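Student: Sharing a structure below in structure tokens format, with a few things to ask.
The values are calculated or read from the model by the stated rules, or taken from the named source; none is laboratory data. Here the structure is a predicted model, which is why all the values come from computation and not from measurement. Here Cβ is always computed from backbone atoms with ideal geometry, including for glycine, and neighbour counts include all displayed protein chains.
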Amino acid sequence: MTTPKKLFIKTYGCQMNVYDSERMAEALGGQGYEQTATPDDADMILLNTCHIREKAAEKVYSELGRLKTYKAANPDVKIGVAGCVAQAEGAEIMRRQPAVDLVVGPQSYHRLPEMEALTRTGATALDTDFPEEDKFERLKARPKAARGPTAFLTVQEGCDKFCAFCVVPYTRGAEVSRPAARILDEARDLVERGVREITLLGQNVNAYHGAGPDGSDYTLAKLIWDLDRVDGLERIRFTTSHPNDMTDELIEAHGTCAKLMPYLHLPVQSGSDKILKRMNRSHTAESYLRVIERIRAARPDIVMSGDFIVGFPEETEEDFQATLDLVETVKYGYAYSFKYSTRPGTPAAERAQVDVAQADDRLQRLQTLIVAQQQAIQQGMVGRTVSVLFEKPGRDPGQMVGKSEYLHAVHVTDSRVTAGDIAKVRITGSGRNSLSGELA
Ligand code: SAH
Ligand code: SF4
Ligand code: F3S
């Protein structure tokens, strides 16, 4: 037996990167690697990167600057860059940081084992192609390790929407959906390994249009109904959705599919039609609000979440006020707001930028409103009984943490609960970012 080599992966960015990191770790497991929690004893260090905002991308270079000391101490240590910065910058990464041995874009992960082998010969390896094959088919888990109660499962990748601010269509490529049969196999496998809740992932997950089990075109709603029949799978979620792809059958599923959780992340970015048009969002504030009305008619208790960008080029105070008005109307359970970040190569990068101090001020005002809404919805949970899937021990002795159907973190201190249990909990308190309660 040879001793296993050690792999350290650091993951930035969205949930899809979390899923990809798991797949890459499994693929390199076949090359004799096991994962380690620190770069100190690693034979291979892999950064799975994000390019969505300038700060995210710059973090990668400063981290690489720190990591090169590991290689200086031991030349056998290999350093790799995966993810969206790898796709966007390619060979430039090796020019800026010569300690990097390997650069692999998101659509080439199935080539990682052979690329790793190449670096062992002292060569560098670079692949940022968009090949026509299902990389996940070739990144299958082996051996089948036990899993926690929740898991991500990528069903769709890439984006054809080309919002004027966004790098994703360039870093992840065109929309591609995986065949339903493979997704169902993967879901059954996850359930056998202990998973009870699956979050289906896609950059535009509700635009899913993979081949159905009989070869016909499938939809996300149909896929959800197939997953509903998987024994042992108790909860289904999906993210991220585009307002224009919320079909009637998907909205209906929110009212009728018991395993589909009452939480929906539906980014809108702005409440101003002028800005939405300049963002190339192809929907209006009004059409977004109408979609939410239909969703709430199907599932009145659904908790909504969204994404916002402030300070998009040419955003005036009046435009920003329209965003605040939209937020007031929707009442979000969660919302993520960002200051616009200029991304090279995107259409909006060419336009007149909003003053930074003004954008900072707007971000603060929006976040104050969002926090107030979040707190109000959390407070409204006090006294109610929710269903909690427990995931792991909390910070206090004897405490367990899980998620309610509405995705609120819930703390319970009770020796009867273990990870993987689903239990009814009466909510007794609401803190900053979580709820607490007792078994009902
Ligand atoms: N596919 C998803 C997520 C895209 S990235 C979607 O369409 O909603 C996640 C969020 O990052 C976006 O919703 C947007 O709010 C934000 N974002 C994307 N590009 C950005 C940029 N250039 N500057 C600031 N925020 C950005
Ligand atoms: Fe980016 Fe827009 Fe596609 Fe979302 S829909 S990934 S924001 S281009
Ligand atoms: Fe970032 Fe790429 Fe995800 S840019 S948000 S890691 S798709």
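Student: Suppose we filter segment 252-284 for residues that are among the hydrophobic types (A, V, I, L, M, F, W, C) and surrounded by fewer than 21 Cβ atoms within 10 Å (Cβ to Cβ); how many remain?
Tutor: Matching residues across segment 252-284 total 2.
Student: Among the candidates Val417, Val371, which residue alone is out of contact with any Asp or Glu (no Cβ under 9 Å at 6 or more places or on another chain) and without any contact (Cβ under 8 Å) to a residue 24 or more places away in the chain?
Tutor: Val371
Student: Then there is this: Given (1) more than 16 Å from ligand 3 (Cβ to nearest atom); (2) under 26 Å from Gln87 (Cα atoms); (3) of a type outside the set (S, T, N, Q), identify the lone condition not met by Pro300.
Tutor: All conditions pass for Pro300, except number (2).
Student: Say whether the condition of being out of contact with any helix residue (DSSP H, G or I) (no Cβ under 7 Å at 6 or more places or on another chain), in the same structural domain as Met94 (by TED's automatic domain parsing) and aromatic (Phe, Trp, Tyr) is met by at least one residue in segment 40-63.
Tutor: Checking segment 40-63: not a single residue is out of contact with any helix residue (DSSP H, G or I) (no Cβ under 7 Å at 6 or more places or on another chain), in the same structural domain as Met94 (by TED's automatic domain parsing) and aromatic (Phe, Trp, Tyr).
Student: If you scan segment 163-188, which residues turn out to be hydrophobic (A, V, I, L, M, F, W, C), part of a loop (DSSP other than H, G, I, E, B) and touching a Gly at 6+ places or on another chain (Cβ under 8 Å)?
Tutor: Across segment 163-188, the qualifying residues are Val167, Ala174.
Listed here are the residues, each with its yes/no results for (1) among the basic types (Lys, Arg); (2) away from ligand 3 (no atom under 16 Å from the Cβ).
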{"residue": "Cys159", "(1), (2)": "no, no"}
{"residue": "Thr171", "(1), (2)": "no, no"}
{"residue": "Arg182", "(1), (2)": "yes, yes"}
{"residue": "Asn204", "(1), (2)": "no, no"}
{"residue": "Asp217", "(1), (2)": "no, yes"}
{"residue": "Thr239", "(1), (2)": "no, no"}
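Student: Let me ask something else about it. Can you tell which of Val412, Val382, Val354, Val401 is surrounded by 13 or more Cβ atoms within 10 Å (Cβ to Cβ) and within 22 Å of Lys259 (Cβ to Cβ)?
Tutor: When all the criteria are applied, what remains is Val401.
Student: For segment 167-195, give me each residue that is surrounded by fewer than 22 Cβ atoms within 10 Å (Cβ to Cβ) and basic (Lys, Arg).
Tutor: Arg182, Arg188, Arg193
Student: Just checking, how many residues over segment 295-308 are surrounded by 14 or more Cβ atoms within 10 Å (Cβ to Cβ) and part of a helix (DSSP H, G or I)?
Tutor: Within segment 295-308, residues that are surrounded by 14 or more Cβ atoms within 10 Å (Cβ to Cβ) and part of a helix (DSSP H, G or I) number 3.
Student: Considering only segment 38-76, how many residues are over 30 Å from Val167 (Cα atoms) and hydrophobic (A, V, I, L, M, F, W, C)?
Tutor: 3
Student: Also, quick follow-up: Checking Leu233 against (1) part of a loop (DSSP other than H, G, I, E, B); (2) within 14 Å of ligand 1 (Cβ to nearest atom), which test does it fail?
Tutor: (2)
Student: Continuing with this model, one more query. Only one of these is among the small types (Gly, Ala, Ser) and either modelled with pLDDT under 95 or away from ligand 1 (no atom under 16 Å from the Cβ) (or both): Ala88, Ala57. Name it.
Tutor: Step by step, each of Ala88, Ala57 is checked, and only Ala57 is among the small types (Gly, Ala, Ser) and either modelled with pLDDT under 95 or away from ligand 1 (no atom under 16 Å from the Cβ) (or both).
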